[in-house]
Each structure stands twice: as C-alpha cells, then as structure tokens.
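A short write-up of the structure that comes next.
The values are calculated or read from the model by the stated rules, or taken from the named source; none is laboratory data. Everything numeric here is computed off the predicted structure, so don't read it as measured data. Quick reminder, even Gly has a Cβ in these numbers, built from the backbone with ideal geometry, and neighbours come from all protein chains shown.
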Amino acid sequence: MAIDNAADTLPKLLLQHLKERGDRPALREKSRGIWRTVTWRGLADEAAALAAALSERGLQRGAHVALIGDNRPRLYAAMSAVQWLGGVAVPLYQDATPDELVAPIQRAEITYVFAENQEQVDKILSILPQCPTVRCIVYDKDRGMRHYKQPQLVSYDTLLQQGKELLASKQGLLQAEAARGNGQDAAFLFFTSGTAGPAKGVVLTYASMIDRARVAAAVEGLSDAEVAMAYLPPGWIGQNLFAYVQPMVVGYCICCPESSDTMLADMREMGPSYFLATPRVLESLLTQVSMRLEDAGGLNLAMYERGMAAARRSRARTAAGGSGSIGDRLIAKVCNLLIYGPLRDVLGMSKLKVAYTAGDAIEPELLMLYRTLGINLKQLYGSTETGFFVAIPGNGDVKADSVGRAAQGVELKFTPQREILVRSPGLFKEYYGDPEGTQQAKSAEGWFHTGDVGYLGDDGHLRIVDRMKNVGALNDGTLYAPRLIENKLKLFPYIKEVISFGDKRDNVCTLIDIDFAATGRWADKRAISYTGHADLASRDEVYELIADCIAKVNAELAQNPALAKSQIHRFAILQKELSPDEGLLTRTGKLRRAVIAERFKPLVDALYSGRTEASIDLGHGASVNMKISNAKVSAATPARRAA
Amino acid sequence: MNVPVQPSILQSSERAFAIGAPILELDSISLRFGGVHAITNVSFNVLEHEIRAIIGPNGAGKSSMLNVINGVYVPQEGTITFRGERISGMNPPLAARLGIARTFQNIALFKGMSVLDNIMAGRYLRTHANFLEVAFQLPRARREETQNREAVEEIIEFLEIEHIRKTPVSRLPYGLQKRVELGRALAAEPKVLLLDEPMAGMNIEEKQDMCRFILDVNDHYGTTVVLIEHDMGVVMDISDRVVVLDYGKKIGDGTPEEVRSNQNVIDAYLGVAH
C-alpha cells in the first residue's frame, strides 16, 4: 500500500493524500440535482481554513466538539479541522430529540457544536441552559437562520471566510499542530446506542481506528478507486469508520446522497463498489423490491420466483456436499442474465465488490438471498468498544450463520456463560468520565466483555447467539433467544419489527409491527379499506395475514428440535409504528426491550392470560383496545433433511 | 384546529424584508353573476412583503376575490391598482407578466408530467428563446435551459421535494401535489403570490409543513403572499393582516388579534340568530 505507516493520525493522513492524490475525488455530494466533487486538496484546504478559524476562537487540544447533521462534505471537513487541532470529534445522532442530546453533551463536556441546519440549532439552543459548557455553535445551512441573534452562533461560511484570511498567519501553527498529534491521542468519542440504560461515551484513539480500518482494507484489497455511499447516521461508529476513517487510510471516494429519500436513486447513479448496511436497510430494500415485483406481476414475478427457487435448490445441494450439476450451473447463468443482473442494477449494486452488514444480527436467509443475487454480502461482528472490525468473513469463506473468523490482531475468549471476550488493538481507550465502568467492561489484561453470547464452531467461525441480557429460558428450561425468531418473521415484507417474549414464560408470544407500505398495498389489492395505520393494523384480514406468516415460521421452527418449543403461540399487532422518538427503539433502530415491555405491559399480560383484547393507555387519558390472536403451532417434527 | 408554528419565526420582530408601501390596492370592488352578488363594494390593500389572508365562511366570495385580483373575473365596479399603477382590464396573462402568480384550490398541475417538468413550466415567462431556437437547441435556448434548471433546482431544494423530482405528479399524494403547485408558482419569481386554500384537505403535519414553507417563502424571497384559508387557526398564526368576508361583504380587516375580537367576525363564524 502506498500509505506510509508513519502517518499515525487522521490529519497526517489527510496531508499525505493532499500530496499523493490532491486532484482525486475525496467526496462527492449530490446537491440541486448535480453531483459535485470535493477533491482531497479541496478537503484539506477547507479543513485547514476551518482549523485556523477555530484555533483563533480558542479551540484547544483535547476539546470535545459535537457534530450533528447528515453526511455532508462539510461535516467531514469540520471533523478533520477539529482533529487537526487535536480536538476530539463527537458525532451525535442527527435525529435525536433535544432531551436525548442533553446527556451526551453534558457527559462529554462539549464546548463547540457543528450543527447542520436550523432544526439542529433549535435543538441545541433549547437545551443550552442545561449545557453550560457549550460556547460556540457553528451552523452550515443558513436557511431560516436570519433571525437568530444568539452570541454563540456563527455560520460555517463566516468561519470558513475568517479561516481563509487567517491562513497565511496560521500556517506555522497548523503545521505544528498536525505534527504534534500521535496515535495514542483520543480521536473520537462515540455514544453507544444504549439498548439498555443510558448511552456511554466511548473514547477511541487514532491508533485503534486506523489499525482496524487497515485490517479490513487488507482483507478486501481496497484501493483508492473504491466508491462508497455515506448514508447511515454519522453518530454510528460503523458509518464513521467506513465513510471517514477508512477513506482517510485508503484514499477512496465517498458519495453523499441528496437526502435519505433519494438514496436508492443516487446509489444507482454512483454504482458504489464498497457498501455498508444494517440488516434493517437490507430488509427494507428487499421489501421495496418485492413490492415492485408484485406490482409488475405476471411474467416478471413468475421469473423472479422461479429464479430464486432455483437458486435455493442449488444452494441446498451445494450445502449438502454436492458440487452443483451442469444443469444447475446453466440455470444459474441464465438467471444471472435475466433476473439477478437486472435486480442488482435496480438496487445500485452491480459494481459492488463487497457489501457488509453490521450493527445487528441478520437473518441467514436474508443474507443468502443477497448472495444469491450475486452480491458479495458479508456479516461483520463488532461494536463501538471493539473498534467495529472484530470478525470479518474471508472472501470465499462465507457461511450464512457465522460472522467469519476473528480479524487480524483480534483474540477471542469465552466465559463459562459463553459471553464473548475480545482483545484487540482496536479496543476503546475508556468510557469518558467513567473509570469504574471502564474497569468493569475491560479487564486489566485488556479483555473486553462484549455482552454478546456466542461460540466458535469447529470450522473456526464465530457465531453470535444474541445479546446476553436477551437470552433466557422458557419455564421448562428450554434456551430461548428472541432475535432468531424475530429475524425469521421480519423476512416477510408485511412485518417490519417484531418483539417476542418468552423468558420465564410458558411459551413464546410476540408483538408485531406491520410494514405500513407493504401491508397497505396488500390491502389495496384486496379492496380492504382502511383509514390509517391503526385501522389497518386492527383489521381481521391483516390479523389473518400475519397469522399465516407466523404459521409458516412456526412450521420452520418445528423442524429444528432446539427451537420447536420456541414456536409463537399468540400475537398482537401494534397500532403504531415503533419509533425512536418515543424511546422504543435506539437511534440505530434496535429494540429497547425493557422499555417496550413496560409500555405495553397490559398487552403482554393479556397475551399470557388468554384474553383476546387488551387496553393500552396512550397517555392524556386516552386508551386504545388491541386485539390478540392465536397462532397455529406445528407439531415438532424431526429434521427431514440433513442440514 | 390550531396548528403550532415554529416560534422562532413568529417571535422575531425583525424581518428580512420590512413591510413596505401598498403593492396591491382593491377599491370598491363589486362582482355580480347575473343577480347573484358575489362581492359587494369590498376595498382593501396588500402591503409589500406582508402575508395577507382572506378568510370567511363558505360562499363568502374569497375565491372570487382572488379571481378578480388575477383577472379571471372582471368586476362590474371598482379598480385594481398594482404598484401604484391603475390596471384596467386585468386578465390572467397580464397578471402573470406583472408578477402575480397563483395556486388553485383544486390542484391544476399537468398530471402526466414529472414534478421537474411542472415546475419548469413555471419558468415560461423567464424564457425568451423562441420556438425554433429551442427546437434546434441554439446557444440562447441552451443557456436559458441551464439557468431555468438551476432556478428550479433551487426551488426543489427549498421545498424539500428532491426525492420526487422525476415522479409523475399524478402518482403523488395530495399534500405533495400542493407543494409542487407552490413550486411552480415560485418558479415565475412572483412579486405577489396568491394561494387559494393552500392547506385544504391536509392533515395536521402537512399543514405545519405548508405553513413553514409559506413563511419561508415570504422570509427568503420577500414574496408578498395573499392567501385564502378556511382554517382560522392557521391564518391567525401566519398572517400579518386578515380581511374577513361574509356574503360578499367585508366585515373585518386588521391584525389577527383585532379580527379575532371583532364581534361581526365572531357572529359570522359561530352563527347568530337572524
């Protein structure tokens, strides 16, 4: 690789790119319908100017600077500028409510904030009294900002202009600051998604982030010719590594879509070669595809179904040890030409070299479905504290239910409860301002307790069962891991989210959150009228539809002796989408199980008491009645075919 | 129904464009259809850069008033003065050239065309290249096309409709169609924007969005806005001054507070025994 290993911080890497590939694209942004390019020189110049202006305003080494906004070149330029001066970047989730922002800003003692637009500025201003450490708020988009007269506010453009004027006089200082940084400095402070309890501030150093980025780049043989989309929340470490740290290490180009709504079309225009997604994104992509195919109907739908069935058959045969007959290979070729290829094109994935799914467990069937389409989708394992890249499946060594082998430099160990312990150069430095928490999570020998249950198979592949706190047992002692069951249900386009209960219960029951678009379309086709989400969700026809889906999953579970007892006995459909704004999901879309269980307690109790209806208090004295339905449970059968 | 609007905009005493002199004056307008008196002797003015609302119960003559302003109807009596100049024989093309753009109560978009094309259509008056120049893509036509597209893209960004840029209008939900229509009116870079029930048939969220866009248009481009609205709450929140019509007559005129406490208005809206 051309990158000199002496560059141990991101600002040093940025300066290196400026020298080596100054005119190559670093970022592209679609704005007003046109893709606009920022070269490495452009990025470095802008970061330098911003850094000059920030240092003039007193930004000190080690200062914590929050960034809140969408993926934009300016967000990344600001991050570079902050780190240039030795500051620590604290990317926050841009759709967090003001209340959710208070804790991170207080805990991290944020002094400067980069906010994308009026919406974000409003949030920060509304919590300013609780956050006295905030001295300066830099906003990018000036729309609607004319009336704001708060002394803390300064526009990005003004800052940039000031920086450009100061640049000549600050040249020496900037060079010295860039040189002063070293790999052991704190680079980022990420807040964990907080599925249980408040989010913790995880401090990561340049050394660990750069090390992990290099390891992953080596596995995939990434070069500076890669193109990737930046569309996940920058507050998530995965997105940050992928769209900021790794480009800094490898020198590839990041594309920012116009808005999250245009992501699919924009992705198709850019044809990324490297892609990161969460299982949720992959599920919704698939839902869109099946919705559109259903609309197309006729020949298209028939071809798609035949093609996918053929792929499943040949996969089953290969898994059983066969090498695939000539007939199979011929069919696969034809399918690739007629079905998979065009589908890849529609998804914007025809140029993909590798795609990763991370952030949550993916249903093996979904993973294999994408692989069937000829997309090299792989499941990663990692978390904020472990520097994201813990296990990466090697190319040609991908298994549906595993996250691959431990990545280079990672050591794995298991507790008797099968909790995964990780030791790696990518481990976090500390939880900010919480030495006790750090000590609890990270042992003196450097082993980090992940809180995930998993095991190493005989093949050396790591397999994740679930979060430790989720894994429980039914009353008869059968092991119960909710995510497995839920992910199977989420494969149906009509089902968006599932939360199942079973720990310390006699059987498994679930709450279902329907996918409004897909179920709505299903209802339209059958001339079932409804007024909105709540109405649709409580229709008897929809209950039957979901009961059907559950019966299919139950039949599948019944074939596996270990899971036969985990069949779903009863369910209810939620009348409103689970939303992070109500605290039911984290900002990355993971379930907050405890909060949901508490919120829908009467309903859960009713699920287990045999009643067919329950009343849920909506607050403000209003309440809603929700129906409960039984699901068809299959008799446990021994597995018919060898897996 | 009272729709809350971002306080940051409302509470600001300082406007980007200070309210100026009357830009549009309507004096003693009377409009009859045969024996039906749609509007009877109504006078009011609209100041430059203000948001002026016309409200009233069903059949009060609100839409007729808007149609008089842009020349769809010619009143039997009364005069219209635009920017100090008395306009005799107002008609829609003239109104457009003067810088008066409008939207319609029942959306009047080109249903089969994309959002982009619809808004581009609003640039018609800003295009000077003739038919042949456009047909042969001569330099001026191409230059203007680029300029127009830039202006339209700015509006698309302003109204946050990037994701439907290429979607045929007929496939869009009602609330978005209304937004596209606003976009087309804005594309003409109007001095005065007439909005005929911009929030009719919308849910609360869509109404909030629309309110924000109207306020932003006024704030960002300085466009004078005349709007008709049914929803009292909305009107009171975003207007500078309000005219109240009832049975074709003006029964109130003033700031939202003044109008709200006007006994005639209360009677018209709540109904009194005659």
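Here are the numbers for this structure:
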{"quantity": "Subset of region B:1-39 [hydrophobic (A, V, I, L, M, F, W, C), at pLDDT below 75 and closer than 17 Å to B:Val217 by Cα]", "calculated": "B:Val5, B:Ile9, B:Leu10"}
{"quantity": "Residues satisfying the stated conditions in region A:532-555, i.e. small (Gly, Ala, Ser) and more than 23 Å from A:Lys488 (Cβ to Cβ)", "calculated": "A:Gly532, A:Ala534, A:Ser538"}
{"quantity": "Qualifying residue in region B:191-211 (condition: among the β-branched types (Val, Ile, Thr) and at pLDDT below 90)", "calculated": "yes"}
{"quantity": "Within region B:164-179, tally of residues that are more than 13 Å from chain A (Cβ to nearest Cβ), surrounded by fewer than 19 Cβ atoms within 10 Å (Cβ to Cβ) and free of Cβ contacts under 8 Å to residues at least 60 places away in the same chain", "calculated": "3"}
{"quantity": "Hits in region A:430-443 - residues which are part of a loop (DSSP other than H, G, I, E, B) and surrounded by fewer than 19 Cβ atoms within 10 Å (Cβ to Cβ)", "calculated": "A:Gly433, A:Asp434, A:Ser443"}
{"quantity": "Contacts under 8 angstrom Cβ, first residue in region B:240-258 being in the same structural domain as B:Thr224 (by TED's automatic domain parsing), partner in a strand (DSSP E or B) and among the acidic types (Asp, Glu), 6 or more apart", "calculated": "B:Arg241/B:Asp253; B:Val242/B:Asp253; B:Val243/B:Asp253; B:Val244/B:Asp253"}
{"quantity": "A:Met267 vs. criteria within 14 Å of chain B (Cβ to nearest Cβ), part of a helix (DSSP H, G or I) and at pLDDT 85 or above", "calculated": "yes"}
{"quantity": "The listed residue being over 22 Å from A:Val203 (Cβ atoms), part of a helix (DSSP H, G or I) and either away from chain B (no Cβ under 14 Å) or of a type in the set (Ser, Thr, Tyr) (or both), out of A:Leu50, A:Leu27, A:Leu13", "calculated": "A:Leu50"}
{"quantity": "All positions within region B:216-247 that are among the small types (Gly, Ala, Ser) and at pLDDT 90 or above", "calculated": "B:Gly222, B:Ser239"}
{"quantity": "Among (1) under 25 Å from B:Ile19 (Cβ atoms); (2) of a type outside the set (D, E, K, R); (3) within 14 Å of chain A (Cβ to nearest Cβ), the one test that B:Ala151 misses", "calculated": "(1)"}
{"quantity": "Residue count for region A:155-168, restricted to those that are farther than 18 Å from A:Pro73 by Cβ and either touching a residue at least 24 places away in the same chain (Cβ under 8 Å) or among the basic types (Lys, Arg) (or both)", "calculated": "3"}
{"quantity": "Filter result for B:Ala187 (within 27 Å of B:Ile55 (Cα to Cα) and surrounded by 18 or more Cβ atoms within 10 Å (Cβ to Cβ))", "calculated": "yes"}
{"quantity": "Residues that are more than 14 Å from every other protein chain (Cβ to nearest Cβ) and in a loop (DSSP other than H, G, I, E, B), drawn from region A:141-177", "calculated": "A:Pro151, A:Gln152"}
{"quantity": "Any hit, region B:198-208, residues being within 14 Å of chain A (Cβ to nearest Cβ), basic (Lys, Arg) and more than 12 Å from the chain's Cα centre (by Cα)", "calculated": "no"}
{"quantity": "Count of residues meeting criterion [crowded, with 17+ Cβ neighbours inside 10 Å and either of a type outside the set (Val, Ile, Thr) or not assigned by TED's automatic domain parsing to the domain that holds A:Asp506 (or both)] in region A:530-546", "calculated": "8"}
{"quantity": "Residue match in region A:504-519 (condition: buried (at least 20 other Cβ atoms within 10 Å of the Cβ), in a helix (DSSP H, G or I) and at pLDDT 90 or above)", "calculated": "yes"}
{"quantity": "Residue in region A:226-239 that is part of a loop (DSSP other than H, G, I, E, B) and more than 13 Å from the chain's Cα centre (by Cα) present", "calculated": "yes"}
{"quantity": "Test: residue in region B:119-128 that is without any contact (Cβ under 8 Å) to a residue 40 or more places away in the chain and at positive phi", "calculated": "no"}
{"quantity": "Filter result for B:Val243 (buried (at least 19 other Cβ atoms within 10 Å of the Cβ) and within 14 Å of B:Lys62 (Cβ to Cβ))", "calculated": "yes"}
{"quantity": "Qualifying residue in region A:382-396 (condition: closer than 25 Å to A:Ala277 by Cβ, out of contact with any Phe, Trp or Tyr (no Cβ under 7 Å at 6 or more places or on another chain) and either β-branched (Val, Ile, Thr) or free of Cβ contacts under 8 Å to residues at least 60 places away in the same chain (or both))", "calculated": "yes"}
{"quantity": "Region A:123-135: number of residues that are buried (at least 18 other Cβ atoms within 10 Å of the Cβ) and within 14 Å of chain B (Cβ to nearest Cβ)", "calculated": "3"}
{"quantity": "Filter pass, B:Gln137 being surrounded by fewer than 17 Cβ atoms within 10 Å (Cβ to Cβ) and under 30 Å from B:Ala16 (Cβ atoms)", "calculated": "no"}
{"quantity": "Evaluation of A:Leu67 against (1) modelled with pLDDT of 95 or more; (2) part of a helix (DSSP H, G or I); (3) within 22 Å of A:Phe190 (Cα to Cα) (one fails), failing number", "calculated": "(2)"}
{"quantity": "Test: A:Val138 is away from every other protein chain (no Cβ under 14 Å), under 25 Å from the mean Cα position of the chain (by Cα) and not in a loop (DSSP other than H, G, I, E, B)", "calculated": "no"}
{"quantity": "Test: A:Val202 is surrounded by 15 or more Cβ atoms within 10 Å (Cβ to Cβ), over 25 Å from A:Gly238 (Cβ atoms) and out of contact with any Gly (no Cβ under 7 Å at 6 or more places or on another chain)", "calculated": "no"}
{"quantity": "Sole residue being at positive phi and free of Cβ contacts under 8 Å to residues at least 40 places away in the same chain, chosen from A:Gly297, A:Gly327, A:Gly307", "calculated": "A:Gly297"}
{"quantity": "Candidates A:Leu462, A:Leu511, filtered to the one that is hydrophobic (A, V, I, L, M, F, W, C) and under 30 Å from A:Leu241 (Cα atoms)", "calculated": "A:Leu462"}
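A quick yes/no check of all residues on (1) assigned by TED's automatic domain parsing to the domain that holds A:Ser500; (2) in a loop (DSSP other than H, G, I, E, B); (3) at pLDDT below 80:
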{"position": "A:Ala572", "(1), (2), (3)": "yes, no, no"}
{"position": "A:Lys576", "(1), (2), (3)": "yes, yes, no"}
{"position": "A:Ile596", "(1), (2), (3)": "yes, no, no"}
{"position": "A:Asp605", "(1), (2), (3)": "yes, no, no"}
{"position": "A:Ala614", "(1), (2), (3)": "yes, no, yes"}
{"position": "A:Leu618", "(1), (2), (3)": "yes, no, yes"}
{"position": "A:Val624", "(1), (2), (3)": "yes, no, yes"}
{"position": "A:Ala635", "(1), (2), (3)": "no, yes, yes"}
